[in-house]
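Reviewing the structure listed below.
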Amino acid sequence: MTAKSAQRSVALSITGLSKSFAGVRAIDNLSFEVPEGRAVALIGPNGAGKTTVFNMVSGVYPVDCGTIAVNGVDVTHMPSRKRIAAGVARSFQNIRLMAHLSVLDNLLVGQHRRNASIAAMLTPYRLVPSHRWKREALQALAESGLEAYAKENVGALPYGVRKRIDLVRATLAGANVLMLDEPAAGLNPTETNALRGDLQALKARGLTLLVVEHDMHFVDSVCENVVVLNFGQKIAEGPLSTVRQDRLVREAYLGVEEEA
Amino acid sequence: MSATEGAAFIELENVYVERAGVRVLDNVSLTLRAGDRLAVVGANGAGKTTLLRTITGLQKATSGTVRAFGRVRRTQEDFREVRIRAAYLFQDADDQLFCPTVLEDVAFGPLNMGLNEQAALEKANATLAFLGMEHLGERITRRLSGGEKRLVCLAGVLAMEPDVLLLDEPTNSLDAKHVEKLMTVLSSLDKSMIIVSHDRPILDRLATRAVRMKDCRLEPAVLHRHPHVHEHLHVHVGEDHA
Amino acid sequence: MSGYLTGVLVTLSFNIIAAYAVYLPIAAGQLNLGIAGFMAIGAYAAAFLTNEMSWPIWAAVLVSAGLAGSVGLMIGLPVLRTHGIYLAMATFALGQVISAVFLNLEVVGGAAGYPVAAYAPPNIVFAAAAGVVGFMLLLSTTRFALYLTAVKSDPTVADLLGVSVRGIQAAAFTLGAMVAGFGGALYAHHYSFIEAQHFNVMLSVFPVLYVLFGGTQTVLGPLVGALFFTLAPEWLRASAEWRYALFALFIILFMAARPQGLVTMSLFRLFGRRKPQVTT
Amino acid sequence: MVSQQIVNGLMLGSIYMLVAVAFTLAIGVLNFLNFSIPGLFMVGGMAAYGGVKLGLHWSLAFAGALALAALISLAVERLAYRPMQGGDPEAPLVSSLGFLVLLENLMLIRYGSDQQAFPPLLADMNLRIGDLVIGMAQLASLALSIALVVWLSWFLSATNSGRRIRTVAESGETAVLLGVNMSSLAPRLFVGSAMLAATAGILFAVNYQQVSPFMGEGVGFKGVAAMIVGGMGSIWGAVLGGLLIGMIEVLSISVIGANVVNITVYGLLLLILILRPQGLIGRPPSREKL
């Protein structure tokens, strides 16, 4: 039980990250760390650059300067598809499930990283009545109580369900760092609670979370720390209760504390 | 129960929208009357932008009725008039600006309404003057700052003399100075508005009532005054009102 | 079987093979408008191997299919850097260049054409088409087929999930080229004569029509499209000279009414078992 | 001899150029790869031939051919372009190719599949400059195509209609929201593009004095190649690409032989696509928004 005070290793480390679009600084010399097994929220007003950070960590945008390390491995210049092997997976603000595939098929694509050999790729698994891959995906669905949707086409499902399936898919790659872009956005209270349960279960399994979220109650109940961005710069960092008192934060992010 | 008087400019009745098999608006009904300034709040992806796109006919309703300015609108031809009378201010200013100079950009809408070149330019100049931006007329659009671009876009839609403004995150990524300027202008305008925004203070200052988009559905949100030390309007979106 | 019927069925078999050659890259989101070029490679290589090297037909056909595939891979890698219409035009140009190369290759007859001594009877052609359909059905039960749809549906997300988008696309393109080469090699040995002019633009374009008309969402779409395109003009034979005009008119009107093609996922659902509505 | 080839290359190139500009109007503005354009090119040539054969004065025959092409293009807009909005990007390809096959077969039924000789209009009127022989028809065609393109370029940059078209090319939605009337603009663009293609077909018939129901395929596809070589969506790109491809075709025939035309022309296209996909004067595609 001394582990608690002992140093946790750093799962995600961002150092001196900068990015400009058409001459406008979107992210300016940003540094922060997410310790292993912890949950950190990236918060700030719209347009502060939160999603840009996600896009750089997952390799969708190249960085201008700075470094990104996942589990001690420098991934700054890795192609996106290799970053998931380094241990970082993400979800999307606008859910990006593949519309022409069923829920189960979407999850099977999510398993790719752990079944990437040529032999796995050419196995006619659909002919096997209850193939390990299918069982595993169904199991993951069942853990979130979504198994009833397995055969459905993703398009027809309610928004909240799709959102949670997106999360399940992100977990199936076996990455230990999950980046979730507004996971609770658009969910009703029941769904938000279910999501909170999902995330706490993930944390219990030792996963590390980086979350962009507007709902401060949700942030408060899931994340130990927050990093506040404004105009691409980090203006505060620490537990939410402390950060709320910060003058800069109140100016930049008016309205957050009023909702409470 | 605000604004029951006044003509209904825009009415949606049981509108459903599906895109690529995905339901993006779910049984949405809404009325916007003269003088209404309706705030639409809700999380990203809840369908707020789709709502504006459906009103302007950029997105076709799968079922339900879109009525605007007294007529049911179905075809692209029907929506042409709607788009002029209910002007849409883009989220991304660069999507709206493409002419070499500011003046030409602002004159583009009036030209499409059938004004001749001379009249359109006059209209553009007058609109820029109204916004106190006549000095920008000959500037190259691409070289403006983000805030200036947003205001030029606003000039572009105001020049069409719309009855309704559809504002999609109007203050997104603007600095404080331009937010202030934009707010002053918008609150001085005698026009109906639908304002999609995350920005509480903005909604507090502008909106007369509010709805919330959640899970592609509309639900009422109550707007009322609180005895804050700094008294202002603000939008309540608590679950208890659902 | 009457000679007429056999003739129609042989044509159908070649059309089915060509349709799947086009379907493979389309399933991964790439339009290949140069399939005739790969057919030409298969046809000329196989004919050369049986004519000049006295290889047995089966060996010549398989090796030529492999050769068409390798050429597809080699040329495909740089060409696949382009997307959308650019890719379509690049493959189109590729097809034109390949046929033009054969037009100038004197060792295989040049512009005069190239007679092929060995003969593949209709039954072999039928078996080959059935083999291609069987192969495609088997392939559709693998992760590879799943990734084809994933890459077409959302390449960015597929990439972020670790799927090598370019790898999948290159594999689909190469496999398609192989299937085209296979069809071309058989073609040479069934009709006993090939000429470069045969492998023209329209030979590339028609299979694309079969596939888009049949629908790209399911593995059966190309089969249905090829069946329809081969058999419908035969039924219209009564009005001999009008049949292609009528047929084209029908396609135009059909696509206007149903742009997503004939066979779609929702069509399957419509005829499949009705699933109980899931409620939250 | 080389200068003669250059004149011939410019002539052929100016025909490719018109077809390339026709394609550019369709894809650059409406994002529609309109494969009925080779058919409209053929309709221009064949209908002009049919009119002259009926005994009409050439001017009437030409006007009739242009009008016919315009009408057909309106049908393409109605049946191939309009229903496909918001659908699979490949679907319009099928129906526009359907139009090509339909037009070819209708002409086939009417005139047979053989090459038909188009009567010379300006026989024996040649301009001689030293060794250089320039036919009057050649000169007139060249002048006409260049005038057409210059006028179109002026129209797009200097008029209000042109400004509307450029807005649609930038973003269809922006244009529509700012009051551009797409349901009248799209048919006009289709007519404009058909007129360019049909004019090219008539000029081809006059200069090479032969027409056939399949004359559109070769020229039409080289027109697409020209558009891409120059840079998709740019009028001057289409001009450059058209002239370049015409020149390369004529020169490779005279230097190496007719059988290598497809290797040089499409080899160039392939090379350009691999090395510089945006074409010689085109902008690279923009970044995806997440």
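The values are calculated or read from the model by the stated rules, or taken from the named source; none is laboratory data. None of the values given here were measured: they were computed from a predicted structure. For neighbour counting, all protein chains shown are included, and Cβ atoms are generated from backbone atoms with ideal geometry for every residue, glycine included. Note: areas computed on protein heavy atoms with side chains; ligands, DNA, RNA excluded. Shrake-Rupley method; radii C 1.70, N 1.55, O 1.52, S 1.80 Å.
Brief remarks follow.
- Some residue of the range A:232-244 being crowded, with 21+ Cβ neighbours inside 10 Å and either over 28 Å from residue B:174 (Cβ atoms) or among the hydroxyl-bearing types (Ser, Thr, Tyr) (or both): no
- Any hit, the range B:191-203, residues being modelled with pLDDT of 80 or more, assigned to a loop (DSSP other than H, G, I, E, B) and more than 30 Å from residue B:23 (Cβ to Cβ): yes
- A Cβ distance below 7 Å, combined with a sequence gap of six or more or placement on separate chains, defines the contacts here; from the range D:18-37, residues that are touching a residue at least 12 places away in the same chain (Cβ under 8 Å) reach residues that are open to solvent by 10 Å² or more (accessible area, probe 1.4 Å) and polar (S, T, N, Q) in the pairs D:18/D:199.
- Pair list, Cβ < 6 Å and 6+ apart or interchain, from the range D:93-107 residues that are under 11 Å from residue C:246 (Cβ atoms) and in contact (Cβ under 8 Å) with a residue 24 or more places away in the chain to residues that are open to solvent by 10 Å² or more (accessible area, probe 1.4 Å) and not acidic (Asp, Glu): D:102/C:249; D:105/C:244
- Hits in the range B:37-55 - residues which are part of a loop (DSSP other than H, G, I, E, B) and crowded, with 21+ Cβ neighbours inside 10 Å: B:42, B:43, B:45, B:46, B:47
- Residue match in the range C:224-240 (condition: in a loop (DSSP other than H, G, I, E, B), of a type outside the set (D, E, K, R), under 23 Å from residue C:65 (Cβ atoms) and within 14 Å of another protein chain (Cβ to nearest Cβ)): no
- Residue match in the range A:218-230 (condition: in a strand (DSSP E or B), buried (at least 17 other Cβ atoms within 10 Å of the Cβ) and over 18 Å from the mean Cα position of the chain (by Cα)): yes
- Residue within the range D:241-249 that is out of contact with any strand residue (DSSP E or B) (no Cβ under 8 Å at 6 or more places or on another chain), within 14 Å of another protein chain (Cβ to nearest Cβ), closer than 26 Å to residue D:11 by Cα and of a type in the set (D, E, K, R) present: yes
- Check on residue D:186, of a type in the set (Gly, Ala, Ser), modelled with pLDDT of 85 or more and over 14 Å from the mean Cα position of the chain (by Cα): yes
- When restricted to residues that are open to solvent by 30 Å² or more (accessible area, probe 1.4 Å) and within 14 Å of chain B (Cβ to nearest Cβ), the range A:107-162 contains 4.
- Matching residues, the range B:204-242, being at pLDDT 50 or above, under 20 Å from residue B:185 (Cα atoms), open to solvent by less than 50 Å² (accessible area, probe 1.4 Å) and part of a loop (DSSP other than H, G, I, E, B): B:207
- Scan of the range C:184-202 for residues that are open to solvent by less than 10 Å² (accessible area, probe 1.4 Å) and assigned to a helix (DSSP H, G or I), ordered by number: C:184, C:185, C:186, C:188, C:189, C:196
- Some residue of the range C:58-75 being at pLDDT below 90, within 13 Å of chain D (Cβ to nearest Cβ), part of a helix (DSSP H, G or I) and surrounded by fewer than 17 Cβ atoms within 10 Å (Cβ to Cβ): no
Let's see how each residue does on (1) within 14 Å of chain B (Cβ to nearest Cβ); (2) β-branched (Val, Ile, Thr); (3) surrounded by 18 or more Cβ atoms within 10 Å (Cβ to Cβ); (4) not in a loop (DSSP other than H, G, I, E, B):
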position	(1), (2), (3), (4)
A:25	yes, no, no, yes
A:29	no, no, no, yes
A:47	yes, no, yes, no
A:63	no, yes, yes, no
A:81	no, no, yes, yes
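- Enumeration of residues in the range D:210-250 that are open to solvent by 30 Å² or more (accessible area, probe 1.4 Å) and closer than 18 Å to residue D:42 by Cα: D:210, D:214, D:217, D:218
- From the options D:227, D:232, residue that is part of a helix (DSSP H, G or I), within 11 Å of chain C (Cβ to nearest Cβ) and not acidic (Asp, Glu): D:227
- Residue in the range C:79-108 that is modelled with the highest pLDDT, counting only those that are open to solvent by 40 Å² or more (accessible area, probe 1.4 Å) and assigned to a helix (DSSP H, G or I): C:101
- Condition check for residue A:90: open to solvent by 10 Å² or more (accessible area, probe 1.4 Å), charged (D, E, K, R) and more than 14 Å from every other protein chain (Cβ to nearest Cβ): no
- Which listed residue is open to solvent by 10 Å² or more (accessible area, probe 1.4 Å), under 30 Å from residue A:85 (Cβ atoms) and part of a helix (DSSP H, G or I), from C:167, C:176, C:162: C:167
- Helices (runs of 4 or more DSSP H) wholly inside the range B:65-169 containing at least 3 residues that are open to solvent by 20 Å² or more (accessible area, probe 1.4 Å): B:76-85, B:117-130, B:146-158
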